[in-house]
Amino acid sequence: MIQVSIPGRGKTLQLNYLALDMNGTLTIDGTLPAGVEERINQLKNKLKIYLLTADTFGSAVEVSNQLDIELFKVSGDSGTQDKVDFIRNLPSENTVAIGNGFNDWMMLEEAALSIIIIGPEGCSTRTLTRADIAVTSINDALDILINPLRLVATLRE
């Protein structure tokens with residue numbers, strides 16, 4: 001678990017789950033960037049990690065196996081609803097979600113903590129307005145979770 005109190009907001013985050021979008025978030029064109037595997041391995045001691053994807057590039061099974069995390073395939077047509085339903089089946093108040101695409105906006109809105117990646121693929125502006133934090137790489141997002149005092153610095157009132 002990751003637990004952090006956010007000053008001035010009367011909020012203590014108790015995070016047990018991490019829901020990761022794949023394409024444009026965890027991967028670039030279906031491939032993991034350098035440093036992601038090491039960071040995921042650090043976080044697996046604190047969070048149950050899930051990979052949610054419509055698998056645009058066909059590499060989801062390979063990526064989930066490489067990272068040893070659970071894969072949840074969503075529909076290419078109704079992925080937005082599939083992702084929010086997945087979050088709602090977890091305790092959403094204990095979940096952090098990371099995404100970038102239009103089909104991530106409801107998932108990010110539902111999670112206790114949401115992070116959007118504005119990377120090479122860009123991000124959906126609808127999803128951007130639902131995120132608590134915006135970063136430019138998946139490694140930056142994972143580092144925030146590894147070093148949760150960064151959440152305090154970013155989210156305090």
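The values are calculated or read from the model by the stated rules, or taken from the named source; none is laboratory data. Here the structure is a predicted model, which is why all the values come from computation and not from measurement. Don't worry about glycine lacking a Cβ; one is built from the backbone with ideal geometry, like all the others, and counts go over all protein chains shown. Please note that ligands, DNA and RNA were not included when accessible areas were found on the heavy atoms of the full protein model with its side chains. Shrake-Rupley method; radii C 1.70, N 1.55, O 1.52, S 1.80 Å.
Over every pair of different alpha-carbon atoms in the range 26-81, take the mean of 1/r and invert it; report that Kirkwood radius in Å.
Taking the inverse mean of 1/r over all distinct Cα pairs, the range 26-81 comes out at 11.9 Å.
How do the peptides 80-89, 39-48 rank, highest first, by the average count of neighbouring beta carbon atoms within 10 Å per residue?
Going from most to least packed, we get 80-89, 39-48.
Could you list which residues have their amide H under 5 Å from that of Ile6, counting only those 5 or more apart in sequence or on another chain, with H placed in the peptide plane?
Lys11, Thr12, Leu13
May I ask you to derive the FRET efficiency for Ser5 and Ile146 from their Cβ-Cβ distance with R0 = 22 Å, giving the value to the nearest 0.05?
0.80
Over the chain, with every protein chain in place, what whole percent of the accessible area is carbon and sulfur at 1.4 Å, could you tell me?
Of the solvent-accessible surface of the chain, carbon and sulfur hold 44 percent.
Tell me which of Pro91, Ser59, Ser78 sits at the most positive position along the dipole axis of the range 42-92, charges placed on C-beta atoms (Lys, Arg +1; Asp, Glu -1).
Positive-end residue among those listed: Pro91.
Please give me, ordered by residue number, the trypsin sites (Lys or Arg not before Pro) of the range 89-157 that lie in loop per DSSP and have at most 13 other Cβ atoms within 10 Å.
When the trypsin sites (Lys or Arg not before Pro) of the range 89-157 are filtered for loop state and at most 13 Cβ neighbours within 10 Å, Arg156 remain.
Based on alpha-carbon centroids, what's the gap between the range 106-145 and the range 76-105 in Å, whole number please?
12 Å
Highest mean first, how do 65-74, 6-15 rank when packing is the count of other Cβ atoms within 10 Å averaged over residues?
Descending packing order for the listed peptides: 65-74, 6-15.
If amide hydrogens are placed 1.01 Å from N in the peptide plane, which non-local residues have theirs closer than 5 Å to the one on Leu71?
Under 5 Å from the amide H of Leu71: Leu51.
Please calculate how many Å² of accessible area the chain carries per residue, with a 1.4 Å probe and no DNA, RNA or ligand atoms counted.
Accessible area per residue, the chain: 46 Å².
Is the shape of the range 20-157 rounded, prolate or oblate, going by the alpha carbon gyration tensor and its root eigenvalues a ≥ b ≥ c, with a/c under 1.5 for rounded and a/b larger than b/c for prolate?
rounded
Please get the size of the charge dipole for the chain, origin at its Cα centre, with Cβ charges of +1 on Lys and Arg and -1 on Asp and Glu, quoted in debye to the nearest 20.
Here the size comes out at about 600 debye.
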